[in-house]
Amino acid sequence: MRYLAAARLSLALALSTAVVLAASAPAAAQIPAEIAALRKDVDALKAGQATLQKQLDEIKATLRPAPQDSIINVTQDVSVPIADSPVRGAASAGVVLVEFSDYECPFCGRFANDALPQIDRDYIQTGKIRHVFRDFPLESIHKNAFKASEAAACAGQQGKYWQMHTQLFTNQKALTPPDLVRHAQSVGLDAAAFQQCLDSGKMAARVRRDMELGQKMGVSGTPMILIGTPAANGEVKIRKAISGAMPFSVFKQAIDDVLAGK
């Protein structure tokens with residue numbers, strides 16, 4: 001709450017400063033240079049006010065409780081294959097979390113940087129669940145997402161998929177091809193081999209397969225989180241579904257329910 005109060009205080013200060021400057025404008029009306037400078041200052045304050053309001057709205061969205069129907073109970077027999085996907089966590093885990101996501105999607109970034117680290121600490125590292133990632137780049141609105149998915153797969157060829165995965169979500173606003181090469185270097189990849197893989201487009205078909213699977217399962221937005229139990233055929237029988245970047249508490253409830261057999 002202190003962040004919310006600070007944002008409100010900053011917004012109030014910006015507004016009060018704008019009023020003072022506006023009041024002093026008539027006194028400076030005879031000096032064109034000062035009028036121009038004053039207008040420039042007021043415009044800067046307006047821009048700052050808009051930024052503060054945006055930050056305030058984001059804080060409110062974070063603090064707003066999730067709706068009661070955030071968790072969808074999957075009652076039909078729905079399974080998803082995971083054999084060809086990046087996976088982390090104990091093979092013996094009784095619950096699997098399958099994530100359909102987009103590296104350029106801000107909501108996916110919020111999940112990756114907020115809720116997922118807590119899920120990792122409490123459930124993945126403790127051997128309770130496995131985490132599977134499926135690519136679902138929304139090409140129509142995120143022009144760099146598809147190539148970012150290819151980049152992660154190329155990193156996987158060198159055994160550093162998850163390092164690249166984290167790097168991409170940490171730098172969502174820097175996902176152009178030159179950025180991807182820099183990210184590859186920062187996680188210790190062989191830059192030449194990575195560049196060759198990325199330029200060849202050899203991982204594009206893999207990304208397309210994930211997208212087609214997601215579409216068949218009804219995925220239309222990201223992130224889409226499916227939680228279920230391992231099946232004998234190597235697939236995951238889905239029990240719960242969560243759409244969007246919900247608070248950790250929502251994912252915790254869903255995971256705990258599946259762990260308890262609910």
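Structure notes:
- On the stretch given as region 202-224, residues that are in contact with a Ser or Thr (Cβ under 8 Å, 6 or more places away or on another chain), under 19 Å from VAL98 (Cβ atoms) and assigned to a loop (DSSP other than H, G, I, E, B) total 3.
- Checking each residue in region 118-138 for being surrounded by 14 or more Cβ atoms within 10 Å (Cβ to Cβ) and out of contact with any strand residue (DSSP E or B) (no Cβ under 6 Å at 6 or more places or on another chain) picks out GLN118, ILE119, ASP120, ASP122, LYS128, ASP135, PRO137, LEU138.
- Checklist (1) under 21 Å from GLY156 (Cα atoms); (2) outside any helix (DSSP H, G or I) applied to ASP199, failing item: (2)
- Boolean, SER149 is open to solvent by less than 10 Å² (accessible area, probe 1.4 Å), touching an Asp or Glu at 6+ places or on another chain (Cβ under 6 Å) and polar (S, T, N, Q): yes
- Restricting attention to region 218-228, the residues being closer than 18 Å to ASN73 by Cβ and buried (at least 17 other Cβ atoms within 10 Å of the Cβ) number 6.
- Hey, ALA155 crowded, with 17+ Cβ neighbours inside 10 Å, in contact with a Phe, Trp or Tyr (Cβ under 7 Å, 6 or more places away or on another chain) and farther than 16 Å from PRO223 by Cβ or not: yes
- The single condition among (1) basic (Lys, Arg); (2) open to solvent by less than 40 Å² (accessible area, probe 1.4 Å); (3) over 29 Å from LEU259 (Cβ atoms) that LYS240 does not satisfy is (3).
- Inclusion of GLY218 among residues that are at pLDDT below 95 and under 20 Å from PRO117 (Cβ atoms) is not warranted.
- Positions within region 105-117 being under 12 Å from THR170 (Cα atoms) and surrounded by fewer than 17 Cβ atoms within 10 Å (Cβ to Cβ), in sequence order: PRO106, ASN113, ASP114
- For region 252-259, the criterion of being at pLDDT 95 or above, outside any strand (DSSP E or B), among the basic types (Lys, Arg) and at negative phi is satisfied by at least one residue.
- For region 105-116, a residue qualifies if it is part of a helix (DSSP H, G or I) and touching a helix residue (DSSP H, G or I) at 6+ places or on another chain (Cβ under 9 Å), and the qualifying residues are CYS108, GLY109, ARG110, PHE111, ALA112, ASN113, ASP114, ALA115, LEU116.
- Among the candidates SER140, SER101, residue that is among the hydroxyl-bearing types (Ser, Thr, Tyr) and under 19 Å from MET203 (Cα atoms): SER101
- Test: THR176 is open to solvent by less than 40 Å² (accessible area, probe 1.4 Å), on the phi < 0 side of the Ramachandran plot, modelled with pLDDT of 95 or more and among the hydroxyl-bearing types (Ser, Thr, Tyr): no
The values are calculated or read from the model by the stated rules, or taken from the named source; none is laboratory data. Source: prediction; values computed, not measured. For neighbour counting, all protein chains shown are included, and Cβ atoms are generated from backbone atoms with ideal geometry for every residue, glycine included. Just so you know, the surface numbers come from the protein's heavy atoms only, side chains and all, with ligands and any DNA or RNA stripped out. Shrake-Rupley method; radii C 1.70, N 1.55, O 1.52, S 1.80 Å.
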